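Reviewing the structure listed below.
The numbers here are math on the coordinates, done by the rules we state, and not lab data. It should be emphasised that the depicted structure is a prediction, and the values quoted were computed from it without experimental measurement. Glycine also receives a Cβ, built like all others from the backbone with ideal geometry; neighbour counts cover every protein chain displayed.
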Amino acid sequence: MDYRQLGRTDIKVSSLSLGTMTFGEQNTEAEGHAQLDYAFENGINLVDTAELYSIPPKPETQGRTEEIIGTWMQGKGNRDKVVLATKVVGRSQLSWFREDGSTTALTRAQIFEAVENSLRRLQTDYIDLYQIHWPERNVPLFGSVPVIWNDPKPYENEASIEETLGVMQELVQQGKIRHVGLSNESPWGTMTFAKLAEFKGLPRVASIQNAYSLINRVFEGGLSEVALREDVGLLAYSALAQGFLTGKYRNGARPAGSRKVLFERMQRYETPHAEAAINAYLDLALELGVDPSVLSLAFAESRSFMTSVILGATTLEQLKTDMGATSLKITPEIEGRINDIHLQYTNPCP
């Protein structure tokens, strides 16, 4: 396992990390604990969660993932060994997160309430990396195609980035969070966070958690330069495109118990040209004699702007396969073959 600096902090994190959004929905507490055990026994030290989780989001399971991580850390007595990352939800019409039933926004009161609730569920008194799950701003999100988005008009009563960083500064000063991260953020937003920190003496963002995979390399277009020059490394989610790059859904297959069968939330990876691109990468993995999951994850891990690739597995066997990515070297020859496919099918699933 490789260990990489988390932004400009003094924390080093494993190049593969454990995502947990299935805990409390597709995975029981015991299964979640088993995944955490295996991950940490094999070198992972970064756990990523969110107040939003379990996924799909719903009132009856909200916060359950954090609770499962909390009982694991409490039982193991290993809080000091865990780099713990969680998130506060951005602006939305969801109304079950806040005690007064408000729809969510990045106000001071809501961020403080969210932090306190996460700390309670996680059974800890500090969070290593507190991430903004998505922006307060009106921006394309979760697979929206930016080319058809042309209305950056601010929301009414929109909290500014400077206001949000000011709240984060209070939390850092109180010792409740150590560092700040972004998620689902744009190049403009990331640079604005970075420059406000520099010019106003506010907390510096340490990372950005965006989607990145063989079929979604849009991060390379603008954010990769920001990540490298500003030391805001990527924590990549959906590196397996919610399972499509494993081959499990090939030729219309619908495995029992899979996310597609259970939730029908896979539209981001069912766009025009997606199937052809996915099949090309699956064929390449077959030709190379490697598991397609390993090829996809190893490619993501090898990127210069990558801090950590988040693994999201619903079974221990899947997690074991995924962690095999550390054994595959992406040679210039393999990278050339991947880029040939990428040029033919460029980012079909942004």
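Values for this structure:
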| item | result |
| --- | --- |
| Between the stretch 94-108 and the stretch 1-58, the alpha-carbon center distance in angstrom | 26 |
| Karplus-derived HN-Hα couplings along the stretch 283-294 (A = 6.51, B = -1.76, C = 1.60, θ = phi - 60°), whole Hz, x at Gly and Pro | 5, 4, 4, 4, 5, 7, x, 10, 5, x, 5, 5 |
| For the stretch 159-197 and the stretch 205-282, distance of Cα centres in Å | 26 |
| 11 Å beta-carbon shell around Thr326, net charge (K/R +1, D/E -1) | -2 |
| Choice from Asp283, Asp80, Asp322 showing the highest fluctuation, given a GNM over the chain with Cα pairs closer than 10 Å | Asp80 |
| Coil-residue chymotrypsin sites (Phe, Trp or Tyr not before Pro) of the stretch 155-257, DSSP, other Cβ within 10 Å capped at 14 | Tyr155 |
| Ranked list, fewest to most other Cβ atoms within 10 Å of each Cβ, for Leu343, Leu262, Leu122 | Leu343, Leu262, Leu122 |
| Global form of the stretch 33-140, assessed from the alpha-carbon gyration tensor, a/c cut-off 1.5 | prolate |
| J(HN,Hα) series, the stretch 233-241, from Karplus relation 6.51 cos²θ - 1.76 cosθ + 1.60, nearest Hz, glycine and proline x | x, 7, 9, 7, 10, 6, 5, 9, 6 |
| Amide H contacts of Gly233 (H built 1.01 Å from N, under 5 Å, at least 5 apart or other chain) | Gly7, Ile208 |
| Largest to smallest principal axis extent of the C-alpha atoms in the stretch 192-311, angstrom | 53, 33, 24 |
| Relative intensity, log₁₀ I(q)/I(0), of the stretch 116-272 from a Debye sum that treats every alpha carbon as a point, q = 0.16 Å⁻¹ | -1.02 |
| Residue with peak Gaussian network fluctuation, the chain [Cα springs, cutoff 10 Å], from His179, His273, His133 | His273 |
| In the stretch 1-90, the GluC sites (Glu not before Pro) that fall in loop regions by DSSP, at most 10 other Cβ within 10 Å | Glu60 |
| The stretch 7-13 - phi-based ³J(HN,Hα) in whole Hz, Karplus 6.51/-1.76/1.60, Gly and Pro as x | x, 9, 7, 9, 9, 10, 10 |
| Highest to lowest packing among 95-108, 159-172, scored as the average C-beta count within 10 Å | 159-172, 95-108 |
| Inverse of mean 1/r across different Cα pairs in the stretch 69-209, Kirkwood, Å | 16.0 |
